[in-house]
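A short write-up of the structure that comes next.
Just so you know, all these numbers are worked out from the coordinates, no wet-lab data involved. It should be emphasised that the depicted structure is a prediction, and the values quoted were computed from it without experimental measurement. FYI the Cβ positions are ideal-geometry reconstructions off the backbone, even for glycines, and counts take in every protein chain you see.
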Amino acid sequence: MKIDSHHHLWAINGTDYVWMTEDHAVIRRDFLAPELHAVLDASGIDGSVAVQARQMIEESAFLLAFADADPRVRGVVGWVPLCENGGEPWLEQFATHPKLRGVRHVVHDEADDDFILRPDFNAGIRNLAKYGLLYDILIFWKHLPQTIRFVDAHPEQPFVVDHIAKPRIARDAFDTEWAEGIRELAKRENVSCKVSGMITEVRDAEWDAEVLRPYFDTVLEAFGPQRVMFGSDWPVCLLRGSYASWVKAVQELASSLSPDEQAAFWGCNAKRIYHL
């Protein structure tokens with residue numbers, strides 16, 4: 001079974017998707033079941049995990065309702081206001097849904113680079129364990145030092161790093177600062193990593209598998225083949241390439257893995273980590 005561990009869904013409107021600018025014109029339209037099924041079928045992907053794209057309670061309700069109607073969406077990473085009253089009563093409300101597997105906050109858009117260390121935010125993180133929920137970490141490379149401190153404060157909480165922590169990817173320069181941080185973070189066994197969202201971090205006008213390879217190899221070496229998983233970041237990935245082109249690049253990058261490691265990377269890890 002192949003699982004896309006990270007994609008989004010939305011019925012576009014003029015108010016909720018505040019992060020979209022004129023640069024996002026190609027994805028400023030609806031992406032719902034017909035579009036999702038088309039890209040999954042074309043690339044031989046069996047199931048998926050839908051991840052929040054709006055920081056509002058309505059987003060969790062929307063994704064869970066979608067997952068109820070679509071068996072191919074095996075799990076949901078939603079959003080609740082973790083900074084408010086430890087995330088209650090929203091955690092209690094949504095955690096009863098069998099497809100809610102985790103929550104996420106768009107940390108990298110916060111003005112405060114130390115947001116992830118805020119006491120009120122961490123109070124919400126401490127509440128996740130009693131509901132059996134993971135936390136998806138969405139950061140830029142520059143937030144890795146704070147994230148390491150954050151993870152160390154929650155040694156029993158399962159975490160998943162989205163988009164390999166968004167390094168600065170360029171053909172002629174390797175992001176050594178990111179590499180140092182991601183290797184240190186990977187020493188924590190309760191942290192896994194999604195190979196996703198890489199092509200939108202490429203600084204060059206064009207990209208291919210070779211410009212991504214040093215970053216893929218670093219993540220694979222750091223986390224090992226049992227703590228990495230495939231994700232597309234569709235439809236955001238359409239800003240730099242098609243779903244199929246991303247899958248093809250990842251197939252090339254992962255081609256040296258053994259058959260068991262391939263199975264783990266493409267589906268088994270996501271199934272185990274997200275309890276799908």
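Just want the ordering: Ser256, Ser60, Ser43, from fewest to most Cβ atoms lying within 10 Å of their own Cβ. Intermediate results must be reported in sequence, preceding the final value.
Values: Ser256 10, Ser60 22, Ser43 19.
Starting with the residue having the fewest Cβ neighbours, the order is Ser256, Ser43, Ser60.
Averaging the Cα positions of each part gives two centres, and for the stretch 212-254 and the stretch 45-73 these lie 22 Å apart. Altogether, the Stokes-Einstein calculation at 10 °C and 1.306 mPa s, with the Kirkwood radius of the stretch 120-276 over Cα pairs as Rh, returns a diffusion coefficient of 99 µm²/s. Using the Karplus relation 6.51 cos²θ - 1.76 cosθ + 1.60 with θ = phi - 60°, the per-residue 3J(HN,Hα) values for the stretch 237-250 come to 4, 5, 5, 10, x, 7, 4, 5, 5, 5, 4, 4, 5, 5 Hz, with x marking Gly and Pro.
Once you have a ≥ b ≥ c as the square roots of the Cα gyration tensor eigenvalues for the stretch 69-120, tell me rounded if a/c is under 1.5, and otherwise prolate or oblate according to whether a/b is larger than b/c. Oblate. Distant-in-sequence amide contacts of Val161, defined by a placed amide H-H separation under 5 Å and a gap of 5 or more residues or a different chain, comprise Ile137, Ser192, Cys193, Lys194. For the chain, lysine pairs with C-alpha atoms less than 21 angstrom apart, excluding pairs fewer than eight positions apart on the same chain, total 16. Cα convex hull, the stretch 1-55: 86 Å³ per residue, rounded to a whole number. Restricting attention to the chain, close to 5% of DSSP beta bridges with both partner residues there are antiparallel.
Here the 3J(HN,Hα) profile of the stretch 160-173, calculated from phi with Karplus coefficients 6.51, -1.76 and 1.60 at θ = phi - 60°, is 10, 7, 7, 6, 6, 6, 6, x, 8, 9, 8, 5, 9, 7 Hz, Gly and Pro shown as x. Neighbour counts of other Cβ atoms within 10 Å put Leu128, Leu220, Leu63 in the fewest-to-most order Leu220, Leu128, Leu63.
Protection proxy ranking for 44-55, 242-253, using the average of other Cβ atoms within 10 Å per residue and placing the highest first: 44-55, 242-253.
Normalised Debye scattering of the stretch 3-273 at q = 0.16 Å⁻¹ gives log10 I(q)/I(0) of -1.35, counting only Cα atoms as equal scatterers and leaving out solvent. Working note: Debye formula, equal point scatterers on the alpha-carbon atoms of the stretch 1-112, no solvent; log10 I(q)/I(0) at q = 0.15 Å⁻¹ is -0.69.
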